[in-house]
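Asks: I'd like to ask some things about the structure below.
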Amino acid sequence: MKRFGTIAVAGLAALLACNADDALAQKSRDTLRVPMNEPIQAVSTYYTSHPGVYLFNGVYESLVEFNPRTGKIEPSLAKEYRRPEPGVLEFDLREDVVFHSGKKFDADDVVGMISWLKDPATKLRHLEDTDFIVRAEKVGPYKVRLYMSKPVATDLSSLAYSVKLYDSAIHSKLADRSEYDRNIMVGTGPYKIAQRDVNKGTIAAKYTGYVGPDWKKPHIGTIHGLSVPDDQTRIANLLTGAVDVVGDLSADQLDNLKKDSRFKLTASPGMQIYYLQLDALGKSGRKELTDQRVRKAIFMAIDREGIIKALMPGAEMAKALGAFCHAERQIGCAHTAFYPKYDPEGAKKLLAEAGYPNGFDLIVDSSPPEVKDIGEAIAGQLYKVGIRARHQPLVNSVYRDWQRDGKLEAHVAPWTMQPDVARALNRFFTLGGQTDAFGDKVLADWRLQGVEELDPKKRDDIYTKLFDRVIEQSYILPLSSVPNVFVHSREVSLNPGAINGWGADLWDFSWN
């Protein structure tokens, strides 16, 4: 976790050099200024995972959207959809949508985008999210059909989360399609991009031609994302009025800022989870972890509530989750089993029963740096029950090497959930994959059954069995949900609930 310190001299010098007008409250100018921890290179989640991109990715829309207020998939650029037969989705498109470029949205834009995504020459992150789609067919000017390789229960959630639609008249003519996301950035959303500059920042302006769902209607005229890579400088900017809202702060930093009456703290529940995964397969050579009793003892030795209270920003909203998913916010999150309660004495007895009364050596690694303090805390708690745990923080490149070589023993990390549980299950329970730490064929079979079951009730029944087994076998311990906590001027109002990687959408902000 980050630590709160004295504001950097360089940061103060930069602030003192600011024009006096820049420090004035921006409500009168209808401009919200938001610092980002790095400049935005492309407005697209197709090309980057930088959290700030999720905020501006709202300039694009999808056929359907996951409404975080209702927890349901709802029509967006499509006004209706149906399944005329298994493995086929048919969409009636809205006829009143106009791109920021002035071109009317129609079936050609859907077919063009899907065709590009399915082109073998297209190299993007997470193409597996749409690998179930075979092709798109134009049925009429405002009607399309998508043909799948097989019926897939996650088709709508994947379309909502992973398929943003572009102006095909522009996109299809580009020799380098990534130019669209760097220099054109035309969508149909409630905001349009007025500027993307790595030095001057990214500016989104309210789109007066927006006709989409009411819950996405824009409130603020202009949102300016400024590149301010240093935590202390972001805080200094907030204190001097050079920015209006700051996110991604540590618990210590939040404690200091909440004392200042000029600011308000708003927490969004977020979709991220911090977790501990154990090498149940013994790939690392740590044979002790192949015993379910040992894994359970490790979980019993960890005080999740204590870790949350001591280390988590937004601890009031953070939860020690009942399963490796968000029950209130995710499709398919169902379970009846429960993780063991914090019980260090019970953990010692269980270790002795498993044949390890004197404990054993264990490396608790963590990656990225944001979970370093949690990794240290877990190692300390395990030491108290006799497990000689040593914490090892890993940079991303070393983590990938350890993962590939099967060297991860007890791994602490974050994972960001999507609206449907399927992607997380694909990641962790695909049998024989590089990320498979369990080798559990039963789980792998249930994972496949869940993806292919279209009936929601039957699907929940499958996932209940799956998550119960994960809990009973002590494979993964969800340490905490991770709220996105924002500190902002009292002139700003934030309606929390976004599911993206930054924690807020453009339309979540308004003025008081």
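Asks: Tell me the relative contact order for the stretch 170-233 as a rounded percent, counting alpha carbon contacts under 8 Å between residues six or more apart. Working shown, then result.
Replies: Details: 74 pairs, mean separation 15.9, N = 64.
It rounds to 25 percent for the stretch 170-233.
Asks: Also, I was wondering about something else. Going by Cα centres, the stretch 66-118 and the stretch 146-186 are how many Å apart?
Replies: About 11 Å separates the Cα centre of the stretch 66-118 from the one of the stretch 146-186.
Asks: While we're looking at this one, here's another question. Taking +1 at the Cβ of each Lys and Arg and -1 at the Cβ of each Asp and Glu, which of I220, I235, P151 sits farthest along the dipole of the chain towards its positive end, judged by Cα position relative to the Cα centre?
Replies: So the residue we want is I235.
Asks: Also, quick follow-up: Go from 0 up to the bin containing the longest alpha carbon distance in the stretch 105-238, width 5 Å each, and give me the % of pairs per bin.
Replies: Using 5 Å bins, I get a P(r) of 2, 8, 14, 17, 18, 16, 12, 7, 4, 2, 1, 0 for the stretch 105-238.
Asks: Could you put D303, D373 in order, starting from the residue whose Cβ has the fewest other Cβ atoms within 10 Å?
Replies: Working: D303 19, D373 22.
Going from least to most buried by this count: D303, D373.
Asks: Quick one: of K103/K138; K217/K258; K264/K341, which pairs are farther than 28 Å apart, Cα to Cα? Don't skip to the end; give the middle numbers.
Replies: Values: K103/K138 18 Å; K217/K258 30 Å; K264/K341 34 Å.
K217/K258; K264/K341, as the Cα separations exceed 28 Å there.
Asks: Among the lysines, which fall within straight-line cross-link reach of K123, defined as a Cα-Cα distance under 18 Å, with same-chain neighbours fewer than 8 residues apart omitted?
Replies: Cα-Cα hits under 18 Å: K164, K173.
Asks: In Å and from the alpha-carbon atoms only, list the Rg and Dmax of the stretch 215-291.
Replies: 20.3, 59
Asks: Taking the C-alpha atoms of the stretch 201-351, how large are the radius of gyration and the largest Cα-Cα span, Dmax, in Å?
Replies: 21.8, 66
Asks: If the chain between K27 and Y147 were fully stretched, how many nm would it gain, using 0.36 nm times the residue separation less the Cα-Cα distance? Show your work: numbers first, answer last.
Replies: On the way: separation 120, 0.36 × 120 = 43.20 nm, distance 4.78 nm.
In short, 38.4 nm is gained.
Asks: Right, next: Over all Cα pairs of the chain, how is the pair count split among 20 Å bins, expressed in % and running from 0 up to the last occupied bin?
Replies: Computed distribution, short to long bins: 21, 52, 26, 1.
Asks: Please list, short to long, the whole-number percent of alpha-carbon pairs of the stretch 271-483 in consecutive 5 angstrom bins beginning at zero.
Replies: Values per bin, smallest distances first: 1, 8, 15, 20, 21, 18, 11, 5, 1, 0.
Asks: Tell me which of L350, L425, Y180 sits at the most positive position along the dipole axis of the chain, charges placed on C-beta atoms (Lys, Arg +1; Asp, Glu -1).
Replies: The Cα lying farthest towards the positive end belongs to L350.
Asks: So, one more: Note down the magnitude of the dipole of the stretch 427-512 about its Cα centre, charges +1 on Lys and Arg C-beta and -1 on Asp and Glu C-beta and zero elsewhere, to the nearest 20 debye. Present the calculation step by step, with values, prior to reporting the outcome.
Replies: Values: 9 positive and 13 negative charges, 21 e Å.
In total the dipole reaches around 100 debye.
Asks: Apply the Karplus curve 6.51 cos²θ - 1.76 cosθ + 1.60, θ = phi - 60°, to the phi angles in the stretch 177-183 and return the couplings in whole Hz, x for Gly and Pro.
Replies: Ordered by residue, 3J(HN,Hα) equals 5, 5, 4, 4, 7, 9, 10 Hz.
Asks: Here's another thing I want to ask about it. Can you list residues from other chains, or at least 5 along the same chain, whose modelled amide H is less than 5 Å from the amide H of D420?
Replies: I331
Asks: Report, as a whole number in µm² per second, the diffusion coefficient that Stokes-Einstein gives for the stretch 70-120 at 10 °C and 1.306 mPa s using the Kirkwood radius over alpha carbon pairs. Mind showing how you got there, number by number?
Replies: Numbers: Rh = 12.8 Å.
Roughly 124 µm²/s, to the nearest whole number.
Asks: Which three numbers, in whole Å and largest first, are the semi-axes of the equivalent ellipsoid of the stretch 329-442 derived from its Cα gyration tensor as √(5λ)?
Replies: On the way: eigenvalues 133, 80, 47 Å².
Three semi-axes, in Å: 26, 20, 15.
Asks: If you wrap a convex hull around the alpha carbons of the stretch 64-171, what volume per residue comes out, as a whole number of Å³? Numbers along the way, then the final one.
Replies: Details: hull volume 12.1 nm³, N = 108.
Hull volume normalised by residue count: 112 Å³.
Asks: Please report, in whole Å³, the volume per residue of the convex hull around the C-alpha atoms of the stretch 288-372. Before the final figure, lay out each step's value.
Replies: Details: hull volume 11.9 nm³, N = 85.
Hull volume over Cα atoms, normalised by residue count, gives 141 Å³.
Asks: Please report the antiparallel percentage of DSSP beta bridges with both residues in the stretch 352-425, rounded to the nearest 5. List each step's numbers first, then the result.
Replies: Values: 0 of 9 bridges.
Bridges in the stretch 352-425 are about 0 percent antiparallel.
Asks: Any chance you could get the radius of gyration and Dmax over the Cα atoms of the stretch 383-465, in Å?
Replies: That works out to 16.1, 47 Å for Rg and Dmax.
Asks: Can I ask one more? Distance check, please: which entries in K296/K349; K216/K259; K283/K349 exceed 21 angstrom between their Cα atoms? Please list the in-between numbers first.
Replies: On the way: K296/K349 11 Å; K216/K259 32 Å; K283/K349 26 Å.
Going by Cα-Cα distance, K216/K259; K283/K349 fall outside the 21 Å limit.
FYI, it's all coordinate maths here, none of it is from the lab. Please read these numbers as outputs of a predicted model, since none were measured by experiment. Please note: Cβ atoms are built from the backbone with ideal geometry, for glycine as well, and neighbour counts cover all protein chains shown.
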